[in-house]
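Shown next, in structure tokens, is the structure this report addresses.
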Amino acid sequence: ETGVTQTPRHLVMGMTNKKSLKCEQHLGHNAMYWYKQSAKKPLELMFVYSLEERVENNSVPSRFSPECPNSSHLFLHLHTLQPEDSALYLCASSQDSGQSATQYFGPGTRLTVL
Amino acid sequence: TQLLEQSPQFLSIQEGENLTVYCNSSSVFSSLQWYRQEPGEGPVLLVTVVTGGEVKKLKRLTFQFGDARKDSSLHITAAQPGDTGLYLCAGEPLEYGNKLVFGAGTILRVKS
């Protein structure tokens, strides 16, 4: 148990569906992250939030929309996804977003887009 | 091309054997981290190395940071089935500020 929880753990959706992924951290951290993990590829950083403000967006398609209502919660809203978006989506948190801040990961949401 | 190249991509060994996995780059890193990720879980940090030439030990795991801070290795002595998992290296390349980048990982399977 790392103190970062994600729901749902598994999600199957069609290309026309709208769904949301939820992440919650119980560590009192100020920074939260969304990563995409595909088979045989490095983890791809999608979004970074620090003190509830987005500080980094790595050219992610607009069909992924993040939301950070407070420092403990992070959402990833999904709409009109493509089959190539199927992957494990990992949430992480750290004390701050600065250099060498240790990131703690949640268990991920396994997403399958049909 | 990936900033951090990990090798081998996959390793299957018998319990009790020793192994080494590598993490290489042409870039200089301010630090390198090693994570282990088990099926159905997120990555868990094992160690962070900061100083060139640094060696850290964690029970049967030995981590080394290259002198030039461009590469790192993880050596496991007498591997056990519980060591099975995906081993990821990650680091902050100096040219990218504090952005953490990951390698693609080495899948290790230890058979009993």
Boolean, B:ARG109 is among the basic types (Lys, Arg) and not in a strand (DSSP E or B): no
Lone unmet requirement of (1) modelled with pLDDT under 95; (2) under 29 Å from B:ASN24 (Cβ atoms); (3) open to solvent by less than 30 Å² (accessible area, probe 1.4 Å) for A:TRP34: (1)
Subset of the range A:68-107 [more than 14 Å from chain B (Cβ to nearest Cβ), open to solvent by 10 Å² or more (accessible area, probe 1.4 Å), touching a residue at least 24 places away in the same chain (Cβ under 8 Å) and not in a helix (DSSP H, G or I)]: A:CYS68, A:SER71, A:SER72, A:HIS73, A:PHE75, A:HIS77, A:HIS79, A:THR80, A:GLN82, A:SER86
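To keep it simple, each residue is scored yes or no on (1) under 11 Å from the mean Cα position of the chain (by Cα); (2) open to solvent by less than 60 Å² (accessible area, probe 1.4 Å).
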position: B:VAL21; (1), (2): yes, yes
position: B:SER26; (1), (2): no, no
position: B:SER30; (1), (2): no, yes
position: B:VAL49; (1), (2): yes, yes
position: B:GLY53; (1), (2): no, yes
position: B:LEU58; (1), (2): no, no
position: B:GLY66; (1), (2): no, yes
position: B:SER73; (1), (2): yes, yes
position: B:GLY85; (1), (2): no, yes
When residues of the range A:57-67 are limited to those that are in a loop (DSSP other than H, G, I, E, B) and away from every other protein chain (no Cβ under 14 Å), the one surrounded by the most Cβ atoms within 10 Å (Cβ to Cβ): A:VAL60
Residue that is surrounded by the fewest Cβ atoms within 10 Å (Cβ to Cβ), among those in the range B:1-19 that are within 14 Å of chain A (Cβ to nearest Cβ) and part of a loop (DSSP other than H, G, I, E, B): B:THR1
Count of the range A:1-47 residues which are within 11 Å of another protein chain (Cβ to nearest Cβ), in a strand (DSSP E or B) and hydroxyl-bearing (Ser, Thr, Tyr): 3
Selected residue (only one of B:LEU86, B:LEU46, B:LEU108 is touching a helix residue (DSSP H, G or I) at 6+ places or on another chain (Cβ under 8 Å), within 30 Å of A:PRO8 (Cα to Cα) and either modelled with pLDDT of 95 or more or more than 14 Å from chain A (Cβ to nearest Cβ) (or both)): B:LEU108
Matching option when the condition is at pLDDT below 95, more than 10 Å from chain A (Cβ to nearest Cβ) and more than 25 Å from A:GLY106 (Cβ to Cβ), among B:SER73, B:SER30, B:SER26: B:SER26
B:TYR96 open to solvent by less than 70 Å² (accessible area, probe 1.4 Å), within 14 Å of chain A (Cβ to nearest Cβ), out of contact with any Asp or Glu (no Cβ under 6 Å at 6 or more places or on another chain) and aromatic (Phe, Trp, Tyr): no
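The values are calculated or read from the model by the stated rules, or taken from the named source; none is laboratory data. On a predicted model such as this, the values are computed, not experimentally measured, just so you know. Every residue, glycine among them, receives a Cβ derived from its backbone with ideal geometry; neighbour counts consider all protein chains shown. Ligands, DNA and RNA are stripped out before the accessible areas are found, and what is left, the full protein with its side chains, is counted by its heavy atoms. Shrake-Rupley method; radii C 1.70, N 1.55, O 1.52, S 1.80 Å.
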